[in-house]
Amino acid sequence: MARVVVDVMLKPEILDPQGQAVLGALARLGHSDITSVRQGKRFELELDAAPDAAALEEVASTLLANTVIEDYSIRVEES
Amino acid sequence: MTRNVDTVKDAETTPEVAQPFAELGLKPDEYSQIREHLGRRPTSSELAMYSVMWSEHCSYKSSKVHLRQFGEKVPSEAKDILLVGMGENAGVVDVGDGLAVTFKIESHNHPSYVEPYQGAATGIGGIVRDILTMGARPVAVMDPLRFGAADAPDTHRVLPGVVAGIGGYGNCLGLPNIGGEVVFDETYLGNPLVNALCVGVVPHDRIQLSAATGAGNHVILFGAKTGGDGIGGVSVLASETFDDEGPSKRPSVQVGDPFAEKVLIEACQELFEQQLVVGIQDLGGAGISCATSEMASNGDSGMHVWLDRVPLRDSTLAPEEILMSESQERMCAVVAPDKLDAFMAVCRKWDVEAVAIGEVNDSGRLTIEWHGAQIVDVPPKTVAHDGPVYERPFARPQWQDALQADAPTSLPRPTSGDELRAALLQLVASPNLASKAWVTDQYDRYVMGNTVLAQPEDSGIVRITDDGLGVAVSTDGNGRYGKLDPYAGAQLALAEAYRNVATTGAKPLAVTNCLNFGSPEDTDVMWQFAETTRGLADACLKLGVPVTGGNVSFYNQTGDTAILPTPVIGVLGVIDDVARRTPLAWDGDGDAIWLLGETSDEFGGSEWAHLQGHLGGLPPAVDLDRERQIAEIAVAASRDGLLTAAHDVSVGGLGVTLAEMALRSGKGARIFLPDDADPFISLFSESAGRIVFVVPRSEEVRFTDMCTARGVPATRIGVVDSSIEGLEVQDSFTAALDELRAASEGTFPSLFG
């Protein structure tokens, strides 16, 4: 058994309208010390076998992330 | 800033520095031309500007010599209706009541292949800003789309993303999507065509131009911050062919923010209303390079820009990158000093960031500085207008004769009733003719409450005044006809769009075009392009509809295989009272079904032949006089209240036209084909210049008199009959509405889920 977490973030150079909207809302709530927000996605995968790095790469790069505009990172949390 | 920037002084003192002009897409002689213009080597920022502005996409260097025809073969009608012609961001057409309409079509093909959702979304964003720039309020959009074979895996990657992107962006803007096309052909695999059209309405006295005039006036950049979006996107994406590596080679993609665009639209409306701008230009491909150089050249003035004042999303951007960035949702305006405070107040109200980045002057030069160092000093015309112009060689392809000789006459034709019925159902279910509801249901067609007709009607119509004045728009293109005969193909595309507009009761007025082709360096492709422009210009002259602007997209090819030559033609018309529009669906039991025009044995490039895997022969014959006559009848009969429905006959032939009318109405009809004609030809030939009209019995005499007066052959081919619940083709077959509907509506859901 293993839990694998895949974090997907827009590449740094790509515009993040959602993050900007959150930043705007924070400013209106008085949190003007926060200067930037980037919003991403987190996937938690439960495996019933030992994680296979190559297979996880394929899952992340072909389905979970749109590698044209997004980066991803994979980490195994418990095994 | 400690970064080393390449200044004008550096360029003067180090002429020998090697510069990466080839990597930026410039040819050696183009690079020498730049050095000649400047009398020194360009700085790296200047090189960036020239490379992006001299790319095929921005400079039209291969197409210019052919596009001139649209300015030379101008119909006499143009002077009465054209308020702004070609050359500005979009043409402006007078529609009466002190109002004008501006419309334009553009391609976003390559970006949509790389990242379908964002490519298509930013395509909408870009064309909407073009319309906005003219001072108009955008009122509708349309998307003509073309993809590889419907069952190809890559089509399943590209099509859903493109459709979602168009819906996502357009719906957020609150703009109705009133029509378009979805066409499949294997040559578009790897080269999808994502064209976007926008229509806007502007009072005559509010039309804006993009000239920077008045020394001392401010140059203001407003809208979104500048980031690393699509740096070099224009020159790299639009001017290089995708190789066999597929989508792995991926440059930086622009991402759109429709809500930012929405506030930009509203802010601009208020700026125009209060007359706060001298000139305005949107930032699209080539970003700040394009806006500053074009505005300065259009105004015959000079401009100085402090580039470090540009608000950045990413503080690490180099000046070259800022100049080339294609970040979306940005505009550039020239504002007089006494209007500056009011301008800024409007921007604050709409939460739109605005910064004065420059000043208009009399120097005749565009100068740009970066933290005190001069990095650009150029004559703006050399960047914006005096780019290279190529007379690319072209020649009729060697295979053209063989292709035209290979007519589809030897294909086995259906003859029995059962065979004809099967052929009709197969056509109705084919991806090119099947119901596009799966696509258009993802678009908001009725937002703003002014949509009168939308897909699947022949043209989209929106009401633009409270007393019922409306504009109708239709786009058409048929790459298969173009391949068989590009001159005729362009004319047929124009004729169909013109006919579609007239079919709904609107008078066709003006034309926009998006010319999608393969590589201009291929003599075959260049011949197709030359023939297309010649055919289109000749036909526009003959039909009395001027070209108001457009766009060319070259390099749509993979390896040596170019796409079908695909001119997509948009025609705009006007209807005095939208209540008089003619819908597609028939209604009244007993109404007579009339076919206008003549049908002959024309199957070259037809959908029927395509389904047999055949492409050859000649496309249907073009008769522009006939097109004009039947359009006049469609408009006059609609105005006189003689019609309950109409639908043009085109791809798939009369059988498909009648099936679409029955499906849209839910009522059946009895059809009696002419006794002396081959039913296969009657039902499936794609002869041009034909419209089906549905006329109440009480109006038949007036209607036929109208046809006789114009010498147009009219044949009574049937009667609406709700007791039939299908199409009953007498002495041949009956196709039930249920089976037609299952065929038409099942295709897209089963292909795309």
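In the full protein context, chain B carries 33 Å² of accessible surface per residue, based on a 1.4 Å probe and ignoring ligands, DNA and RNA. Mean partner shielding of peptide B:110-116, defined as the number of other chain Cβ atoms within 10 Å of each residue Cβ, is 1.
Note on B:D589 and A:Q18: with the Förster distance fixed at 41 Å, the Cβ-Cβ geometry gives a FRET efficiency of about 0.15. Seen from B:Q612, the other residues with C-beta closer than 15 Å to its C-beta sum to a net charge of -4, counting Lys and Arg as +1 and Asp and Glu as -1. For the peptides A:34-44, B:456-466, residues were scored by their other Cβ atoms within 10 Å and the scores averaged per peptide; the highest-first order is B:456-466, A:34-44. As a fraction of the 1.4 Å probe accessible area of region A:2-78, surface on carbon and sulfur atoms comes out at 54 percent. Among the GluC sites (Glu not before Pro) found in region B:349-411, those both in a DSSP coil and sparsely packed, with 12 or fewer other Cβ atoms within 10 Å of their Cβ, are B:E391. Which residues does the label zone of B:R741 cover in region B:451-492, counting backbone N under 20 Å from a point 7 Å along Cα→Cβ? Answer for this model: B:455-457. B:V8 sits among other residues whose Cβ lies under 13 Å from its own Cβ, and their net charge, with Lys and Arg +1 and Asp and Glu -1, is -2. Buried accessible surface for the B/A pair, both sides summed and rounded to the nearest 100, is 1000 Å² with a 1.4 Å probe. As a calculated quantity, the FRET efficiency between B:E23 and B:H371 at R0 = 41 Å, using C-beta atoms, amounts to about 0.95. Highest mean packing first, where packing is the average number of other Cβ atoms within 10 Å per residue, the peptides B:483-493, B:394-404, B:90-100, B:291-301 line up as B:483-493, B:291-301, B:90-100, B:394-404. Of the cross-linked pairs A:K41/B:K61; B:K262/B:K667; B:K79/B:K436; B:K349/B:K436; B:K225/B:K381, which ones have a Cα-Cα span greater than 32 Å in the structure shown? Over 32 Å Cα-Cα: A:K41/B:K61; B:K262/B:K667; B:K79/B:K436; B:K349/B:K436. Taking label positions 7 Å along the Cα-Cβ direction at both B:A149 and B:S410, the computed distance is 2.2 nm, reported to one decimal.
Net length available on complete extension from B:Q612 to B:T213 is 137.7 nm, with 0.36 nm assigned per residue and the Cα-Cα distance removed. May I ask for the distance between the Cα centers of region B:730-753 and region B:427-456, given as a whole number of Å? What the calculation gives is 17 Å, centre to centre.
Going from most exposed to least, what order do B:Y113, B:Y60 have by accessible area with a 1.4 Å probe?
Largest to smallest exposure gives the sequence B:Y60, B:Y113.
Compute the FRET efficiency between B:S750 and B:E12 as 1/(1 + (r/R0)^6), taking r as their Cβ-Cβ distance and R0 = 60 Å, and round to the nearest 0.05. Step by step, r from the Cβ atoms, then E = 0.35.
Within the shell defined by Cβ-Cβ distances under 11 Å, the residues around B:A150 carry a net charge of -3, with Lys and Arg each +1 and Asp and Glu each -1. Given a 1.4 angstrom probe, I'd like the percentage of the accessible area of chain B that is carbon and sulfur, rounded to a whole number. Exposed carbon and sulfur together represent 49 percent of the surface. Each Cα pair under 8 Å and six or more residues apart adds its sequence gap; the mean of these over the residue count of chain A is a relative contact order of 55 percent. With all protein chains kept in place, the per residue accessible area of region A:2-78 amounts to 61 square angstrom at a probe of 1.4 angstrom. Extension gain for B:Q275 to B:S76 (0.36 nm times residue separation, less C-alpha to C-alpha distance): 68.4 nm.
Please average, across the residues of B:322-329, the number of beta carbons from any other chain that are within 10 Å of each residue's own beta carbon, and give a whole number.
Details: counts 0, 0, 0, 1, 0, 1, 2, 2.
So the per-residue partner count for this stretch is 1.
Model label sites at B:D300 and B:D676, defined 7 Å from Cα along the beta-carbon direction, differ in position by 6.6 nm. Is the shape of region B:362-490 rounded, prolate or oblate, going by the alpha carbon gyration tensor and its root eigenvalues a ≥ b ≥ c, with a/c under 1.5 for rounded and a/b larger than b/c for prolate? The shape class here is oblate.
The values are calculated or read from the model by the stated rules, or taken from the named source; none is laboratory data. For clarity, every value in this text was computed on a predicted model and none was experimentally measured. Cβ atoms come from the backbone with ideal geometry, glycine included; neighbour counts cover every protein chain shown. Each accessible area value is taken on the protein alone, full model and side chains, heavy atoms only, with ligands, DNA and RNA left out. Shrake-Rupley method; radii C 1.70, N 1.55, O 1.52, S 1.80 Å.
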